[in-house]
Every structure is written in structure tokens, then in C-alpha cells.
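The values are calculated or read from the model by the stated rules, or taken from the named source; none is laboratory data. Note that the structure is predicted; figures quoted are calculated from it, not measured. Reconstructed Cβ throughout: ideal geometry from the backbone, glycine too, with neighbour counts over all protein chains shown.
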Amino acid sequence: MKQQSRTPMRMIDSSKRIHTFEEVNCGYTDHEALIEANRCLDCKHKPCIKGCPVGIDIPGFISAIKNQKIDLAYQIIHKSSSLPAVCGRVCPQETQCEALCVHTKKGESVAIGHLERYVADTYYQHHHSIDKGISQEIKIAVVGSGPAGLSCAHDLIQAGFKVDLYEALHEAGGVLTYGIPAFRLPKEIVQREINELIQRGVNLITNVIIGKTLTLEDLKEMNYQAIFLGTGAGLPKFMGIPGEMLPSVYSANEYLTRLNLMHAYDKNSLTPIHKGKRVAVIGGGNVALDAARSAVRLGADIVYLIYRRGKEELPARHEEVIHAEEEGIIFKFLTNVKEIIANDEGYVKAIKCVAMTLGDKDQSGRRKPIENPKKKMVIPVDEVIMALGTTPNPLIMSESTDLKATPKGCIIVDENTHETTKPMVFAGGDVVTGSATVILAMEAGRKAANAIIERLT
């Protein structure tokens, strides 16, 4: 009889981890991974594969773990995913592959994400030489080195094309590098995946902003046969409320970039950050939780997470919510901020809030938050972080009249090929969908790469 409960992941105790940016989850041992792999029933219809946006052969790689063939397990995963160590850590498996696991009918799903991470980490513990692909003379430009761009570049280099990967910042990785904190995704893991792409033959070019340093027309004149835009959604949203421009009010985008890319937590950092003692983070997604948990690690005495809806409507991953609760973050549900109040020196002193109730479901499928003006409150804080989502940077759109976009600034593409309205220019990831998950961006990168390969061969 197979056990119904999954093998738990060991983690750093919350009393210790709030003082460090070290990764919270510790990974499986060989023994733990084998126990968990043996829970897989290797179902005939393999429903978990249907739940994976990139179509990983999940029963196949888990079977390889059972037979203690980790190299084979890695190769199975790598056929579909270029970032297994990343996806094993940050993908929302609970709403995708694990949600369709047959074990959920009577117990807990197989810990697919934990096993994927185990395979990638174990594989990389040994040195593996990587052969460059056979290069054709066809050149492709991939713009943006986040998950969409990395996934697209991986498939293109595997197909034998020459790939130049352009990154606006000084380090590659996109949101994987500047957005997700090290306690969820260590930066050496991201760098490891990028280094593998470089070893396979991808030419990484940093500090180049497409739309400013070079235009799309410049790229066309440089004899690129196709261009993929995976520039993400880096323009933060704000609420449009009084006090939003006060000092020590951050967008989560800036706050996390300062920490993750510029190491602002280091006392010797050249780009320091204000370390609030009473911090309010506005939002309910993974980014909001990342910012709140980072504030705790920077020494905040109290951190509030302000969310307009209830706990059931939180879009953040369940695991991250549990970790945040363990770390002492105070969730203020059914609460909305109306004003940020300044002290006599012009710095943040408090936030003025109003209680909310939930009405009927809106277009998002969640119940619509409605203000209850009879219930108001003032919460003393000295720092506010806006984690309300992001939209694509309009820079590329402003320099190319051939690209069409939605009213929200997202590039319009063919849903099957991801080709834009500009011939042989493709796009995918957050620049098309707005803020979404790493794995969905990777799926878009793969679709675009497949379309480019078919078109050019």
C-alpha cells in the first residue's frame, strides 16, 4: 500500500531564517527522494503531464529516480525544461501538475516540484561537460534574459542556430535574478543555469537596452533572421493615492531589485536601502510576500501585508503564505489603503485604511472587494512597499509603430506561434501576458522557438 502523505521538505527554522537570506528549503536527501518517488503510481493516463505548461514527462523522470538513474531523470526533464533547478523551486506546482495527481483524490499529491529540484541539484553536484550544438549560419536575437528568453534561447541553440541573448542590466536572469529573493531562489542556481546556456553556445550581451541602445530596425540590419522579445513587465503599478511619492515609499520592483541585484542588504553596498522598522506591504501575490519577508530579514520590528480580499483569495503560493506566517508577518485582510500620511519632516508616518467586504465575483473570478466607509483605521508605519503588479515597459513599443499592443501595453501576438504584428518578430512572457509565472513565460519561449525553427528550416 502506497503511503498517502508526502515526504516533507526540511527547512531552516523560522527563528533562524529571519536573520538571513539563505534558502529556506533544504532539499531532499537521496533517501527522502527515493521514498517520495516510490509514491508515484505511474498512472496510465499521466494526468500530471497535462498540468505542466512545458509538458515534462513527469512519471518518466520519477521512474528514473526510483531506479536511481539521476542522469537519466535530468535528461528527461531537460528535454522540456531548460531551468529545472529554478522551476523545482518557484513553480506553482500545487495549481498545475500536482493538482492533477491522482493521489489528491484520497491524500496528498506526489511532491513533483521537490523531486524536480532534487534531480537538478543532484545532477549538478558532479561535473558534466556540455557539448556545443552544431551551429548553422542563421542568427537569432533573443531580447531579455528572463525565463521566456532563456527558454527560447535554449531551444534555438539546441536546434543549431546562432543565438545572441541581449540583456539590459549588467547581470542576466531577468526576474529570476532581480525579482525573486535568495531565500526562495539562490542566485548561484540562476547563474548555473545561465552558464550552461553559454557553454552550449549562446552569446550573452549585457548592458544593451533594445529600444534605446539598439532599435528593432538596428537588429534587422544586423542580419538577424528572427527576433524574440522576452523583455518582461518591469513598469510598476501604483494606486494613485495621496502620499504615494513620499520618501520610503517603494515599488516592490525597486525594493527587490535593490536587494537582489545590488545587494542593498550589505552594509558596504553602494546602493543602500531604507530599513523600515514598521513596514506595510500592499498586495497579495508572491511579489508582495517576497517584499514582506525581505523586510523582516532587513530588521523590521513589524511587517503588515495589506490585502483587499480575504485569505482564500490570496494569489500567492500556499507554501509562501505559510512561511510568511511562521516568520511573523501580520496579514491585514479585507483592508485597503486610502492615503499615506507624512510626519512633520515629510517622511512616512502612517497609512489611512478602510475595511472591505466581498461582493459578487468579478472578471478575475474572485469576489469583488467593496469599501465599507463606516470602518476606517490608521496604522503607524515608516515604510510602504507597493506590490500591485507590473506592466510592460513601453520603450520598445514607442520606437516601433509596427508592433501592436493592448490598452495595458502588452504586445499582441498570435497565440500559436507568438509572432507579433511585425513579421519575424516574436514575443512571449510577461511582455505579452502582464505579470505571470516563470513556467508560463518558459512555455511562451518554447512556443516561439518552435515557430522560429519551423519557419527557418
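Of all residues in segment 198-226, which are crowded, with 22+ Cβ neighbours inside 10 Å and either within 16 Å of GLY146 (Cβ to Cβ) or not assigned by TED's automatic domain parsing to the domain that holds ALA153 (or both)?
VAL202, ILE210 - these are the residues of segment 198-226 that are crowded, with 22+ Cβ neighbours inside 10 Å and either within 16 Å of GLY146 (Cβ to Cβ) or not assigned by TED's automatic domain parsing to the domain that holds ALA153 (or both).
Mind checking whether some residue in segment 119-127 is closer than 26 Å to ALA444 by Cβ and assigned to a loop (DSSP other than H, G, I, E, B)?
no
Which residue out of PHE238, PHE228 is within 21 Å of the chain's Cα centre (by Cα) and more than 24 Å from VAL438 (Cβ to Cβ)?
One residue alone meets the criteria, PHE238.
Looking for something surrounded by 15 or more Cβ atoms within 10 Å (Cβ to Cβ) and touching an Asp or Glu at 6+ places or on another chain (Cβ under 8 Å) - is there at least one such residue anywhere in segment 32-45?
no
Return a yes/no flag: does segment 16-24 have any residue that is crowded, with 21+ Cβ neighbours inside 10 Å, of a type in the set (Val, Ile, Thr) and within 21 Å of VAL190 (Cβ to Cβ).
yes
Let me spell it out: the conditions are (1) within 30 Å of GLY299 (Cα to Cα); (2) in a loop (DSSP other than H, G, I, E, B), and LYS212 meets all of them except one. Which number is the exception?
(1)
Confirm whether ALA99 is in the same structural domain as GLU32 (by TED's automatic domain parsing) and surrounded by fewer than 21 Cβ atoms within 10 Å (Cβ to Cβ).
Considered against the rule, which asks whether it is in the same structural domain as GLU32 (by TED's automatic domain parsing) and surrounded by fewer than 21 Cβ atoms within 10 Å (Cβ to Cβ), ALA99 comes out as yes.
For segment 78-96, what are the residues that are modelled with pLDDT of 95 or more and either in the same structural domain as LEU150 (by TED's automatic domain parsing) or of a type in the set (Lys, Arg) (or both)?
ARG89
Run ASP266 past the list (1) closer than 20 Å to LYS16 by Cα; (2) at pLDDT 95 or above and report the number of the one that doesn't hold.
(2)
Which one of the conditions (1) farther than 30 Å from LYS447 by Cβ; (2) in contact (Cβ under 8 Å) with a residue 40 or more places away in the chain; (3) in contact with a helix residue (DSSP H, G or I) (Cβ under 6 Å, 6 or more places away or on another chain) does ASP30 fail to meet, given that it meets all the rest?
The single condition ASP30 does not satisfy is (3).
Please find, among LEU289, LEU305, the residue that is part of a strand (DSSP E or B) and within 27 Å of ARG10 (Cα to Cα).
Answer to the check: LEU305.
Considering (1) buried (at least 16 other Cβ atoms within 10 Å of the Cβ); (2) at pLDDT 90 or above; (3) outside any strand (DSSP E or B), say which one ASP344 fails and leave the rest.
(1)
Scan segment 234-272 for residues that are among the polar types (S, T, N, Q), over 19 Å from ILE341 (Cα atoms) and part of a loop (DSSP other than H, G, I, E, B) and jot them down.
Of everything in segment 234-272, those that are among the polar types (S, T, N, Q), over 19 Å from ILE341 (Cα atoms) and part of a loop (DSSP other than H, G, I, E, B) turn out to be ASN268, SER269, THR271.
Give segment 332-373 a look and list any residue that's in contact with a strand residue (DSSP E or B) (Cβ under 8 Å, 6 or more places away or on another chain) and free of Cβ contacts under 8 Å to residues at least 12 places away in the same chain, or say none.
Selection gives ASN343, GLY359, ASP360, LYS361, ASP362, LYS368.
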